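Trainee: Supplied in structure tokens, the structure appears directly below.
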Amino acid sequence: MPPESPVLTLDGPSGAGKGAVGQICAVRLGWHYLDSGAVYRALAHVLEKKSINIRSLDDVLKAAHEMNFECHPNPPEPARIIINGESAGAELRSEAAGEIASELAREPRIRSVLLGLQRNASRPPGLVTDGRDMGTVVFPQAVLKIFLTASPEERAHRRYNQLKLKGFDVSLAGLFQAIQERDTRDAERNASPLKAAADAVLVDSTDLTIEEVVTRVLNLLRTRLEIAGIDTVEQESGLT
Ligand code: DC
């Protein structure tokens, strides 16, 4: 068996900055990038397109099995997502899609179908991935696991600015409440709840810029790769 290629995982609640940080890290490293939240959002999108009721588990599982998913980093925009050969639009990032994704994500059988798809994203020279259970369940062997948080107020603010820029009509109070409800649902579900891996490094981004978080993460990664004796050409361009 060839040695596994290195994986950097970023887990944490919605709005902590995982996507922004993860994509920049991936581009600097020349590594692949997987936005695992987009996998659940993509399934929500497919179900809507095929008019499949999210309660019809057999149909949902079939759609999940058949789903073809590609993710390409595109900072500072969200990653470019291609679902079953078609480029997904801004609707994938709506609060409504996030809510359905969070509902689907509670079902262990759906999670287990989507596990293979996520693990397949790990290819040389390396993978940067973000989500809720990337370090705990999907890539427990990751060379570095980050748990990225920020206060709920700060996350609501960031989400508000993002959605406003995209032309969505949202209220800060509504987003704050939705963020708290989604945090609770993601943290309290039985299947792969949102929690830091025992060996994760905690980073609170409340008072940090994206660039400061990226620098911290890449410094930690450099040390871990050195300790693990992993040396890649891409590592040079991103980490020096
Ligand atoms: O990160 P996001 O907001 O795009 O994720 C959408 C939902 O998908 C989130 O509420 C929970 C779920 N999710 C998950 O259960 N596991 C992951 N690894 C990523 C996302």
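Trainee: Where does each of ILE227, ILE82 land when they are ranked from fewest to most other beta-carbon atoms within 10 angstrom?
Mentor: ILE227, ILE82
Trainee: Still on this structure, please answer the following. Run the simple label-point estimate for GLU188 and ASP207 please: 7 Å along Cα→C-beta, distance reported in nm.
Mentor: It works out to 3.1 nm between the two label points.
Trainee: Which of these, LEU175, LEU220, LEU165, has the largest mean-square fluctuation under a Gaussian network model of the chain (Cα springs below 10 Å)?
Mentor: Maximum among the listed residues: LEU165.
Trainee: Quick one: grab the alpha carbon gyration tensor of the range 166-209, order the square roots of its eigenvalues as a ≥ b ≥ c, and give me rounded if a/c is under 1.5, else prolate or oblate depending on whether a/b is larger than b/c.
Mentor: Oblate.
Trainee: Here's a follow-up. Measure out, as a whole number of angstrom, how far apart the alpha-carbon centroids of the range 189-215 and the range 128-183 sit.
Mentor: 10 Å
Trainee: On to the next question. Only sites in a loop by DSSP and with at most 15 other Cβ atoms within 10 Å count here; which trypsin sites (Lys or Arg not before Pro) in the range 82-182 make the cut?
Mentor: Here the trypsin sites (Lys or Arg not before Pro) that fit, given the DSSP loop and packing criteria, are LYS166.
Trainee: Follow-up. Given H placed 1.01 Å from N in the peptide plane, which residues other than close sequence neighbours of TYR33 have an amide H under 5 Å from its amide H?
Mentor: It is VAL128, by chain and number.
Trainee: Oh, and also: Per DSSP helix of 4 or more residues, -39500 (n - 2.57); summed, then divided by the residues of the chain. What does that give at 222 nm, rounded to the nearest 500?
Mentor: About -15000 deg cm²/dmol.
Trainee: Next up: Between LYS49 and ALA173, what is the spin-label point distance in nm, taking each point 7 Å from the Cα along the Cα→C-beta axis?
Mentor: Here the answer is 3.8 nm between the modelled labels.
Trainee: Taking the Cα atoms of the chain, report the difference between the largest and smallest coordinate on each principal axis, in whole Å and largest first.
Mentor: Taking the Cα atoms of the chain, the three principal extents are 49, 42, 32 Å.
Trainee: So, one more: Under a 10 Å cutoff between Cα atoms, tell me which one of SER171, SER122, SER151 has the largest fluctuation in the Gaussian network model of the chain.
Mentor: Answer for the Gaussian network model of the chain: SER171.
Trainee: Which cross-chain or sequence-distant (5 or more) residues have an amide H under 5 Å from the amide H of PHE69, H modelled 1.01 Å from N in plane?
Mentor: Sorted by chain and number, the residues that satisfy this are ASN84.
Trainee: Determine the shape class of the range 1-116: with a ≥ b ≥ c the square roots of the Cα gyration tensor eigenvalues, call it rounded for a/c under 1.5, and otherwise prolate if a/b is greater than b/c, oblate otherwise.
Mentor: prolate
Trainee: OK, next. Run the numbers for ASN84 and GLU226: contour at 0.36 nm per residue of separation, minus the present Cα-Cα distance, in nm.
Mentor: That pair, ASN84 and GLU226, stretches by 47.3 nm at full extension.
Trainee: With +1 on the Cβ of every Lys and Arg and -1 on the Cβ of every Asp and Glu, and nothing else charged, how large is the dipole of the range 186-233 about its Cα centre, in debye rounded to the nearest 20?
Mentor: The dipole magnitude comes to about 180 debye.
Trainee: Give me, ordered by chain and number, the residues 5 or more places off VAL201 or on other chains with an amide H under 5 Å from its own placed amide H.
Mentor: Long-range HN contacts for VAL201: LYS145, ILE146, PHE147.
Trainee: Moving on to the next point. Mind checking the range 90-185 for chymotrypsin sites (Phe, Trp or Tyr not before Pro) that DSSP puts in a loop (not H, G, I, E or B) and that have at most 16 other Cβ atoms within 10 Å?
Mentor: PHE168
Trainee: Can you give the FRET efficiency to the nearest 0.05 for ALA198 and ASN120, using r as the Cβ-Cβ distance and R₀ = 35 Å?
Mentor: 0.85
Trainee: Among DSSP beta bridges whose residues both lie in the chain, state the antiparallel percentage, nearest 5.
Mentor: Percentage antiparallel, nearest 5: 25.
Rule-based calculations on the coordinates, nothing more; no lab input. Treat the numbers as computed from the prediction; the structure is a model and nothing was measured. For neighbour counting, all protein chains shown are included, and Cβ atoms are generated from backbone atoms with ideal geometry for every residue, glycine included.
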